[in-house]
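> Sharing a structure with you now.
The values are calculated or read from the model by the stated rules, or taken from the named source; none is laboratory data. Keep in mind it's a predicted model, so treat the numbers as computed, not measured. Methodologically, a virtual Cβ is constructed for each residue, glycine included, from the backbone with ideal geometry; neighbour enumeration extends over all protein chains shown.
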Amino acid sequence: MFITLLQVKYILKPILIFSLPLLFAGTCSDIEPAVSEGIITYDISYPRPIEDKWMEKLMPTEMEMQFKNNNINTELTFGLGLIKIGYITNTEDKHLHEMLKFMRKRNVSHRSIKEVDDLLRQIPNHKIDLLTDTKTIAGFLCHKALVKVDSPNDPYIYDLWYTKEIKIKEPNWCTPFKSVPGVLMEYRVERFNVIMHFTAVEVEKSKIKDTEFLVPKKYKEISIDAMEKNLEELKDI
């Protein structure tokens, strides 16, 4: 469980910013027009087998991201629903709000752009080359990028896909993919020798309430250090 919770902390932060639902499509004639409000649903798979089978059962298989007016709200559920970690950001003001819900405990901490950059320095270096290839994912025209990850255990290369048809300003500002000029539709994130592969499977164009991008009042504000301590305390659960 200890490793799983650390993965929660470091895997989600680097990736924070992507979610909305729609059907897969395979031809240019099926491509959806640009949208600026909705929900992206991502399927999560694990290309590198997780040795601990119990930990594997605790890992998430899906992620949702709500977006509107350059606001993003992302949430993942771990530990069979016992733990929920959420992230809210406005990509213009460059602040990240991290939320942890564990049973009745609800805490939130806030990171500035400098503090986000400090976090990203802990992530393996990503070299990204933008290419000209395209394909359709979840009904949206996507562009290809080649990503080379300096993983400490086994460096690897994979194809990332992003779309410019979902209108979010600088959607990747707090991720290792800052240079990618669009919303990520298929990508990978690694931490502690676990690789999570995200694929957008549905994009729903729907009205999102402004309150979805506000931290709920039930959440108690704590420092970043206190948030990390809370995550550490979960290791014995």
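> Pick out the one residue from Lys68, Lys114, Lys57 that is basic (Lys, Arg) and touching a strand residue (DSSP E or B) at 6+ places or on another chain (Cβ under 6 Å).
Exactly one of Lys68, Lys114, Lys57 is basic (Lys, Arg) and touching a strand residue (DSSP E or B) at 6+ places or on another chain (Cβ under 6 Å), namely Lys68.
> In this structure, is Thr132 farther than 27 Å from Glu92 by Cβ and without any contact (Cβ under 8 Å) to a residue 60 or more places away in the chain?
Against the criterion (farther than 27 Å from Glu92 by Cβ and without any contact (Cβ under 8 Å) to a residue 60 or more places away in the chain), Thr132 qualifies.
> Can you pull out the residues in segment 151-178 that are touching a helix residue (DSSP H, G or I) at 6+ places or on another chain (Cβ under 6 Å) and surrounded by fewer than 19 Cβ atoms within 10 Å (Cβ to Cβ)?
Once the filter is applied, which keeps residues that are touching a helix residue (DSSP H, G or I) at 6+ places or on another chain (Cβ under 6 Å) and surrounded by fewer than 19 Cβ atoms within 10 Å (Cβ to Cβ), segment 151-178 yields nothing.
> Right, another one. Inside segment 131-186, can you point out the residues that are closer than 19 Å to Gly38 by Cβ and among the hydroxyl-bearing types (Ser, Thr, Tyr)?
Matches in segment 131-186: Thr136, Tyr162, Thr163.
> Got a sec? Which of Val189, Val215, Val203 is assigned to a strand (DSSP E or B), farther than 20 Å from Pro124 by Cβ and either within 16 Å of the chain's Cα centre (by Cα) or not basic (Lys, Arg) (or both)?
Only one candidate passes the filter, namely Val203.
> Separate question: Suppose we filter segment 59-82 for residues that are under 17 Å from Glu186 (Cβ atoms), touching a residue at least 40 places away in the same chain (Cβ under 8 Å) and of a type in the set (D, E, K, R); how many remain?
1
> Restricted to segment 91-150, and to residues that are touching a Lys or Arg at 6+ places or on another chain (Cβ under 7 Å), among the basic types (Lys, Arg) and closer than 24 Å to Gly79 by Cα, which residue is surrounded by the most Cβ atoms within 10 Å (Cβ to Cβ)?
Once the filter is applied, the top-ranked residue is Lys101.
> Only one residue in Glu165, Glu233, Glu228, Glu204 is at negative phi, of a type in the set (Asp, Glu), free of Cβ contacts under 8 Å to residues at least 60 places away in the same chain and out of contact with any Ser or Thr (no Cβ under 6 Å at 6 or more places or on another chain), so which one is that?
Glu233
> Name the strands (runs of 3 or more DSSP E) wholly inside segment 75-117 in which the number of residues that are closer than 22 Å to Lys178 by Cα, out of contact with any Leu (no Cβ under 9 Å at 6 or more places or on another chain) and at pLDDT 90 or above is 1 or more.
Passing ranges, in order: 83-90, 95-102.
> Further, regarding this structure: What's the number of the only condition in (1) more than 21 Å from Asp210 (Cα to Cα); (2) in a strand (DSSP E or B) that Pro49 fails to meet?
(2)
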